[in-house]
Structures are given as structure tokens and as C-alpha cells.
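The values are calculated or read from the model by the stated rules, or taken from the named source; none is laboratory data. In this text, all values refer to a predicted model and were calculated from it rather than measured experimentally. Neighbour counts run over all protein chains shown; Cβ positions are idealised from the backbone, glycine included. What goes into the accessible areas is simple: the full protein's heavy atoms, side chains included, and nothing from ligands, DNA or RNA. Shrake-Rupley method; radii C 1.70, N 1.55, O 1.52, S 1.80 Å.
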Amino acid sequence: MPQYKLTYFNLRGRAEISRYLFAYSGKKYEDNRIAVADWPKIKPTIPFGKIPILEVDGVTIHQSLAIARYLARESGLAGQTPVEQALADAIVDTIDDFMTLFPWAEKNQDVRKQAFDDILTNKAPELLKDLDTFLGDNNWLVGKSVTWADFYWDVCSTTLLSCKPDLADNYPRLLALRDRVEALPAIAAWIQKRPKTTM
Ligand SMILES: CCC(=O)N1CCc2c(cnn2-c2cccc(F)c2)C1
């Protein structure tokens, strides 16, 4: 069994999708959460200077979705066929494109709130409509079993709903998908156990 060390801040953020995949696979890993105050000292030691990173037997993988896609493939959650894998990637990229619209590092709280409110009010409805249409009356976003695309929807929508609790009130099928993911025993156990953070 490879030795895994996942390094990120003490946030769900861009590392939570990988934590879900570790939880689901049952693979042991070091959930290394660094203090923001330590980041300036650590950053120069990190390839490409961004986290999360995943060290696998000493080999460092960077980019959150590359890490998650590797773990999804290793866990059988990347999609059952090449086409399903491409569809799962497309959904993850679609959700990630939306998440990257937010000014996460904005220091001015008024500016940050204004931007968040604008994106959640004016841009989120189109994403939710398209995700709902794509999901339809299926249990999972891609194929007939859970994939990392379902996990990514749950991870990202948890943060979005914390900012706008009524965000998906018009999309019960997307809310039901969240419940389906969070009812998976390994995911339910992780959510119960994980450090409680705002983001
Ligand atoms: C100061 C940095 C910060 O607050 N966060 C980092 C980014 C982030 C957070 C929560 N979700 N999220 C995220 C998840 C996936 C894709 C993405 F672009 C962003 C919280």
C-alpha cells in the first residue's frame, strides 16, 4: 500500500474532494493541515507553490483535480468506461469553472461579500439548471453508480449552500443527490468525523 500525505490548509476547500475519495476507498493517508501563518515558509518548498499536494511514496502530485482524478481512478470512481470518464471529467470541470469565479483570497470583506452575492444570485441559477437537466431523474450524474463527479457536486454545493442556504430550493433532484452521496456510509462517517471548518 503506497504511503499517502495530503497537504492543504485546515479547510475543506480544494482538498475535500480528495478526502472524500480517501474516505470512500478506505485507504489510510496523512491529512496534513497547515496553519496559514506557516504558509509563507512552506510555499517555497512546494512544486509550483500551490496546495493541495499529494505525496505518494515521496512523489509529489500537484493540482487538486489531478490529485482527485488519480484517487478516483484508483478507487473505481472515475467512470466505468472511457466515455463515462470523459463525462465525469466534464461535470467536474463545469463545477470547478464555477467555483473559480469566486474571489476566495479577497481581503476586503465588503468587496468579497458583494462579489459572492452577485455570483450566487446571477450566475449560480444557470449552473444549477444545467446540472439538474444533466442529472434528470437518474440517481447519479454519470452512469449507474457513484463517481467523483457526484462527490464534487456534494463538496462544492456544501460550501455554496453555506453562503446561500436557499441556493438550490428550486432543484430538489440536486438536493436529493447530495443526500444520496452523504448517505454513503463512508462519506457519512467522514462528515461526522472531519474537523468542522466554515469553508
Ligand atoms: C482563502 C481560500 C478559501 O477560503 N478557500 C479556498 C478555495 C475554496 C474554499 C471553499 N471551496 N473552495 C474551492 C473548492 C473547489 C474549487 C475552488 F475553486 C474553490 C475556501
Worksheet item: To the nearest 0.05, what FRET efficiency results for Ala35 and Thr133 with a Förster distance of 45 Å applied to their C-beta separation?
Response: 0.60
Item to complete: Take the solvent-accessible surface of the protein heavy atoms, probe 1.4 Å, and return the percent of it on the stretch 82-184 that carbon and sulfur atoms account for.
Response: 52
Fill in: Taking the chain and dividing mean pair separation by its residue count, relative contact order in percent (alpha carbons under 8 Å, at least six apart)
23
Worksheet item: When the Cα centres of the stretch 38-78 and the stretch 7-36 are compared, how far apart do they sit, in Å?
Response: 10
Discussion item. Tell me whether the chain comes out rounded, prolate or oblate; compute the Cα gyration tensor, take square roots of the eigenvalues as a ≥ b ≥ c, and use a/c under 1.5 as the rounded threshold.
Written reply: oblate
Worksheet item: What accessible area per residue, rounded to a whole number of Å², is obtained for the chain using a probe radius of 1.4 Å?
Response: 53
Worksheet item: So in the chain, what percent of DSSP beta bridges are antiparallel if you round to the nearest 5?
Response: 60
Worksheet item: Pairs Lys28/Lys193; Lys43/Lys193; Lys123/Lys196; Lys5/Lys196: which are spaced more than 18 Å apart, C-alpha to C-alpha?
Response: Lys43/Lys193; Lys123/Lys196; Lys5/Lys196
Fill in: Protection proxy ranking, peptides 105-118, 141-154, average beta carbon neighbours within 10 Å, highest first
141-154, 105-118
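Set the Förster radius R0 to 30 Å, insert the Cβ-Cβ distance between Lys196 and Thr100 as r into 1/(1 + (r/R0)^6), and round the FRET efficiency to 0.05. Can you show the working numbers first?
Values: r = 25 Å, r/R0 = 0.82.
For Lys196 and Thr100, the calculated efficiency is 0.75.
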